[in-house]
Amino acid sequence: MFPNAGWIRLLVPAALSIVFAAAFCWPLLEHFGELGVASDWDEHQLYHWVPYETVRSYGQIPLWNPFECGGMPMLANPQSRWLSPFFLLHLWLGPARAMHIEIVAHIALAWLGAFVLGRVYGVSRLAAMAPAVVFAGCSSFYLHLGEGHTHWLPYAYMPWIVAATTVRRPFVAGMLLAVAIGEGGIYAVPHTLVVLGVLALHRSITERSTLPMIHLAVAALAAACLAAPKLLPMLNLLEDRPRLTQSAERMDLSLLGEALFARTQDLDADRGTRPYGFHEYGAYVSPVALAIAIAGVLRQRRASVPWVLVAAVALMLAFGHTLGGSYSPWALLHRLPIIDSQHVPSRFLLTTVLAFGMLAGRGVDALAPMLGRGTLAALLVTAAIDAGVVGTFNLGYAHERPVVDRPRAQTFVQFRDESNKTMYALARANMGALNCYEPLDPDTSAVGINEPHYRGEQLLLERGTVSLVEWTPNRLVFDVASDGPNVLVVNQNHDPLWRAASGRGEVMAHEGLLAVRVPAGSTRLVLVYQSTWFIAGVALALAALLVAGATALSRRLLTRSPLR
């Protein structure tokens, strides 16, 4: 991946990345296999448990999530993370243990990817450790993960994607972008594309070539095709139920200084006048690393330009509405599809930190003749220790509020709890949480078994009988008998992708619930949740892989041809 070195030379940095990740994740590893439900961990534990349960207990693809908000799509949920190679680890070890290993692995990938990116941009091996330490040590990772934002993990792929595009491997970059999308990288992927766009534009101008922009387009196209199994259902969901968020959010200079340089980086800190908790702002950069980065800009100005531009663009976006109001860079970017469903522009600060790290790499090489490599190595170790002390303790919040198990219902039922932070416990008890966090619709007509007007998980509007034969997340089987036309109502939200696989009946919505209009007589009705968007996405991804494989094979054959 980087010049004048084989993959074998990555063994030492890879080992260092694992040591770094294990040290920085120690507050999490102290309680290996145990995760609580404080903050957003309740919601994200649910996102990991539902796919695990769907595959392990029912042998189905996790397309529908009946356990949340009266029922909602699972795969199409932008924050779902099961379409990832790491999901195999979840199936093997269970979600809690797998998440501990996955977090350590992603921090190691972030460290090693930033190291590789530094080498791609021509800095020495020692200097490449500066972006590794600055990026992977940034408090943003540990604040968000302490809060429970496991969809923050795909940021670990950002330096790898940039490196692959820079060395003209756009399909590799596309594959990594697709993995990030599959892991819920709803923020990481657009932010990475912004970095790629700035760097490609700079290279196109300086090299007077359109090739960098072409490589960016190829990477984006490859990512769209390879991620299509998740991307197409997700886009269909966002079109059907747009999640428009405000774009008028802002961040001032005082908050920026606190976010980047305050040594008190605690997600549990008093919110004060901030609209969000500190996890949405904190992105600590050690003053040691910042001083080295400034030296890099001053002493290697020309080589620093690309990452100065990245830092400037990311900062302008992070300020939100502060710079230009409705014509600010953030407000303009917020008009694009998918990004219009996002909020909290301060999340661009992690991108800024990557740029600072790359500039620090330049600084190490610029200062080496004066300070010596030993002194600079000691400074990098100091910056790493500083970052670790400031931010990593936030991972300990992942163990707060242990899960309180409830008696398991024999058959699936809906339940309305007073708190919207019991979704994970209810799901484990075979119950759907009607009072939930981040519902697709403000209200659901589904009724909890603990509510006075509960009439069962299935009922007929007119006289007749209905009995449940089989219940699974994606497939429901009922025996229905009625003297006349009738309507079967299922106590779950309606979704257009529910179909009648067999039996007589027409699927419809009744007051927002899944329903079937059935004729007179007796019938066994089989309802299935089938995503044609998922099937089309799988076909598109396979076609992209075939084309890429055929292209690579033909290129190899042509280079070996004696006729050339």
Roughly how many debye, to the nearest 20, is the charge dipole of region 185-249 about its Cα centre, given +1 on each Lys and Arg Cβ, -1 on each Asp and Glu Cβ, and no other charges?
-> 100
Looking at the chain, which Cys residues are left with no other cysteine's beta carbon under 4.7 Å from theirs?
-> 25, 138, 225
Toward the positive end of the charge dipole of the chain, about the Cα centre and with charges on Cβ (Lys, Arg +1; Asp, Glu -1), which of 323, 172, 106 goes farthest?
-> 172
Region 287-295 - phi-based ³J(HN,Hα) in whole Hz, Karplus 6.51/-1.76/1.60, Gly and Pro as x | x, 4, 5, 5, 4, 5, 5, 4, 4
Rank the residues 63, 546 as a footprinting-exposure proxy: fewest other Cβ atoms within 10 Å of their Cβ go first.
-> 546, 63
Ranked highest first by the average count of other Cβ atoms within 10 Å around their residues, in what order do 385-395, 122-132, 270-280, 549-559 fall?
-> 122-132, 385-395, 270-280, 549-559
Cα centroids of region 510-564 and region 371-392: how far apart, whole angstrom?
-> 49
With a/c under 1.5 counting as rounded, go ahead and sort region 253-332 into rounded, prolate or oblate using the C-alpha gyration tensor (a ≥ b ≥ c being the square roots of the eigenvalues; past the cut-off, prolate if a/b is larger than b/c, else oblate).
-> oblate
Estimated [θ] at 222 nm from DSSP helical runs (n ≥ 4, -39500 (n - 2.57)) normalised by residues in the chain, nearest 500 = -16000 deg cm²/dmol
Among 43, 68, 470, rank each residue by its count of other Cβ atoms within 10 Å, from fewest to most, as a rough exposure measure.
-> 470, 43, 68
Here region 265-280 yields Karplus 3J(HN,Hα) values (6.51, -1.76, 1.60; θ = phi - 60°; whole Hz; Gly and Pro given as x) of 10, 10, 5, 8, 5, 4, 5, x, 8, 6, x, 10, x, 5, 4, 7
Using θ = phi - 60° and the Karplus curve 6.51 cos²θ - 1.76 cosθ + 1.60, what whole-Hz ³J(HN,Hα) does each residue of region 549-554 get, with Gly and Pro shown as x?
-> x, 5, 5, 5, 5, 5
Scan around residue 513 for amide H atoms under 5 Å from its own, H built in the peptide plane at 1.01 Å from N, and keep only partners 5 or more places away or cross-chain.
-> 494
In Å³ and rounded to a whole number, note down the convex hull volume per residue for the Cα atoms of the chain.
-> 169
Under the rule rounded for a/c under 1.5, else prolate if a/b exceeds b/c, else oblate, using alpha carbon gyration tensor axes a ≥ b ≥ c, region 442-494 is classed as oblate
Student exercise, region 335-444 dipole from Lys, Arg, Asp, Glu Cβ charges, in Debye to nearest 20 = 240
Which loop trypsin sites (Lys or Arg not before Pro) in region 38-107, with loop taken from DSSP, have no more than 10 other Cβ atoms within 10 angstrom of their Cβ?
-> none
Which of the listed residues, 403, 343, 431, is farthest toward the dipole's positive end in region 340-449, when Lys, Arg count +1 and Asp, Glu count -1 at the beta-carbon?
-> 403
Just how large is the dipole of the chain about the Cα centre, in debye to the nearest 20, putting +1 at every Lys and Arg Cβ and -1 at every Asp and Glu Cβ?
-> 2760
Collect residues whose amide H, placed 1.01 Å from N in the peptide plane, falls under 5 Å from the amide H of residue 445; neighbours closer than 5 in sequence don't count.
-> none
Using amide H atoms built 1.01 Å from N in the peptide plane, name the residues 5+ places from residue 68, or on other chains, whose amide H lies under 5 Å from its own.
-> 433
For region 90-144 and region 245-294, distance of Cα centres in Å | 21
Between rounded, prolate and oblate, where does region 434-539 land on the alpha carbon gyration tensor, with a ≥ b ≥ c its root eigenvalues, rounded for a/c under 1.5, else prolate if a/b exceeds b/c?
-> oblate
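Laboratory data are not the source of any read-out in this text; all were calculated from the coordinates shown. These numbers were taken from a predicted model, which means no experiment stands behind them. Here Cβ is always computed from backbone atoms with ideal geometry, including for glycine, and neighbour counts include all displayed protein chains.
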